[in-house]
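> Would you mind keeping the following structure in view while I ask a few things?
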Amino acid sequence: MAGVSGPSEEGITWAHNAPLHRLNSMGLEARARLLATVASEEGLIRFLEWAQKTSEKFVVLGRGTNVIFAEKSLDAVILHLNGDFARFTMKAQEILAGAAALLARLLQNARKANLSGLEGAWGIPGTLGGALTGNAGTADWTIRDCVEWVEVFDSDGIKQRLTASEIGFEYRRSTLATLGVITQVSLALRADSRNSIEARIRRAQERRRSQPRGRSAGCVFKNPPGDSAGRLIDAAGLKGLRHGGAVVSSEHANFIINEGGATGSDIMELIEEIRRRVYERFQILLEEEVLILRSSKS
Ligand code: EPU
């Protein structure tokens, strides 16, 4: 029963065999065994009770801008937040935001209010929760730089507020995914002049200029210490390498573009071939930066 809602409970919408094309920037036509969309904390608590009762493992998915679905049919339970979780309020030098709020909207609102701290997020797609999970950023800024605190719900439905120093943030990683479901975040910003904010946004725009516009999940591999995955893939001569509809971008070699009809397995094959050929050439083993989602039982 494609996309049909299951038992309707306040704050949760269930969909079986749910299409995921709107939940991934790569444009993959995958389906999930079960997609639960929750719109409020009450709905989330009910979902967590259900997951505990049924012993179902689940994965939280925001806008899927850093995710590859490895299979067409994912035997997995996906939790997606919206409704209350997409809201945010601007305070004097703080943004209080739900995990489903889009980073780009937060930056636009901070920019209008002459608040500095999020300029480095220019061009980073996806939700605040996703950005925090992967400590999204650039070479000189990460989302961690403006985190005051993060609220997470653990698997017992208990809410905890963690300050930035209680969360482990590393290069494109944080401990948040293991701590629970991120719900609310306080971002500490500071008042600054319009000119300085605009200058920092221009620098962020400049950095993004080398990056392709097609359907992608951003950078595929982490940069190895002291080097750049894009430079290595390029130097191995892999720009334009293709598996089905998936191709290594000719603009930036650390991006895989879905030129139309790419499947998760096309992308996985391409990732493995890139890894193998970069290793053969440079003896450097590239590690994925994107999250690969597989069936929970595979
Ligand atoms: N390069 C090449 N060929 C390419 C791509 C890059 O030779 O095809 C060279 C560039 O000329 C440059 C070096 O590699 O000398 C680094 O490239 P770039 O400045 O584009 O930065 P990056 O290390 O590839 C990182 C992040 C990006 C982030 C940019 C901007 C990672 C894996 N990537 O890219 O993040 O936007 O810096 O600061 O850390 C992402 O996380 O999805 C992402 C795209």
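> Most mobile of 86, 113, 15 per a Gaussian network model of the chain (Cα springs, under 10 Å)?
Of the options given, 113 has the highest mean-square fluctuation.
> To continue, here is another question. Can you list residues from other chains, or at least 5 along the same chain, whose modelled amide H is less than 5 Å from the amide H of residue 148?
Those lying under 5 Å, H to H, from residue 148 are 186, 187, 188.
> Further question: When each pair of different Cα atoms in the chain is counted once in the 1/r mean, what is the Kirkwood radius in angstroms, to one decimal? Don't jump to the answer; show the numbers that get you there.
Values: mean 1/r = 0.0499 Å⁻¹.
Evaluated on the chain, it is 20.0 Å.
> If every alpha-carbon in region 1-119 counts as one equal scatterer, what log10 I(q)/I(0) does Debye give at q = 0.11, 0.13 1/Å?
Those come out to -0.44, -0.59, one per q.
> May I pose another question? Skip the ligands, DNA and RNA, and give the accessible area per residue of region 81-186 with a 1.4 Å probe, whole Å².
Values: 4580 Å² over 106 residues.
Spelled out: the 1.4 Å probe surface of region 81-186, per residue, equals 43 Å².
> Return the long-range amide H neighbours of residue 60 (sequence gap of 5 or more, or a different chain), with a cut-off of under 5 Å between placed amide H atoms.
Residues meeting the criterion, in which the H sits 1.01 Å from N, are 79.
> Also, quick follow-up: I need the phi-derived Karplus couplings for region 216-226: 6.51 cos²θ - 1.76 cosθ + 1.60, θ = phi - 60°, integer Hz, Gly and Pro marked x.
With the stated coefficients, region 216-226 comes to 8, 10, x, 5, 7, 10, 6, 6, x, x, x Hz.
> OK, next. How large is ³J(HN,Hα), in whole Hz, for each residue of region 164-172 in order, when computed from phi with the Karplus curve 6.51 cos²θ - 1.76 cosθ + 1.60 and θ = phi - 60°, using x for Gly and Pro?
Values per residue, Gly and Pro as x: 3, 6, 8, 10, x, 10, 10, 4, 6 Hz.
> Using protein chains only and a probe of 1.4 angstrom, how many square angstrom of residue 16 are accessible, to the nearest 10?
The accessible area of residue 16 comes to roughly 70 Å².
> Same structure, new question: So for region 137-198, Kirkwood radius off the Cα pairs, Stokes-Einstein at 37 °C and 0.692 mPa s: how many µm² s⁻¹?
Diffusion coefficient, whole number: 251 µm²/s.
> Return the calculated 222 nm mean residue ellipticity for the chain, to the nearest 500 deg cm²/dmol, obtained by summing -39500 (n - 2.57) across DSSP H runs with n ≥ 4 and dividing by the residue count.
Calculated mean residue ellipticity at 222 nm is -7500 deg cm²/dmol.
> If R0 is 45 Å, what FRET efficiency do you get for residue 295 and residue 91 from their C-beta distance, rounded to 0.05?
Here the calculated transfer efficiency is 0.60.
> Counting only protein heavy atoms, what percent of the accessible surface of region 191-298 is carbon or sulfur at a 1.4 Å probe? Don't jump to the answer; show the numbers that get you there.
On the way: 2610 of 5710 Å².
Reported share for carbon and sulfur atoms: 46 percent.
> Rule-of-thumb check for region 96-228: C-alpha Rg over 2.2 N^0.38 Å?
1.07
> Okay, moving on. Over the Cα atoms of region 191-291, Rg to Rh with Kirkwood Rh, two decimal places?
So for region 191-291, dividing Rg by the Kirkwood Rh gives 1.08.
> With just the Cα atoms defining each centre, how far is region 172-239 from region 100-167? Give it in Å.
13 Å
> With a ≥ b ≥ c the root eigenvalues of the C-alpha gyration tensor of region 7-74, is it rounded (a/c under 1.5), prolate (a/b larger than b/c) or oblate?
prolate
The values are calculated or read from the model by the stated rules, or taken from the named source; none is laboratory data. Since the model is a prediction, treat every value here as computed from it, not as a measurement. Glycine gets a Cβ as well: all are built from the backbone with ideal geometry, and neighbour counts include every protein chain shown. What goes into the accessible areas is simple: the full protein's heavy atoms, side chains included, and nothing from ligands, DNA or RNA. Shrake-Rupley method; radii C 1.70, N 1.55, O 1.52, S 1.80 Å.
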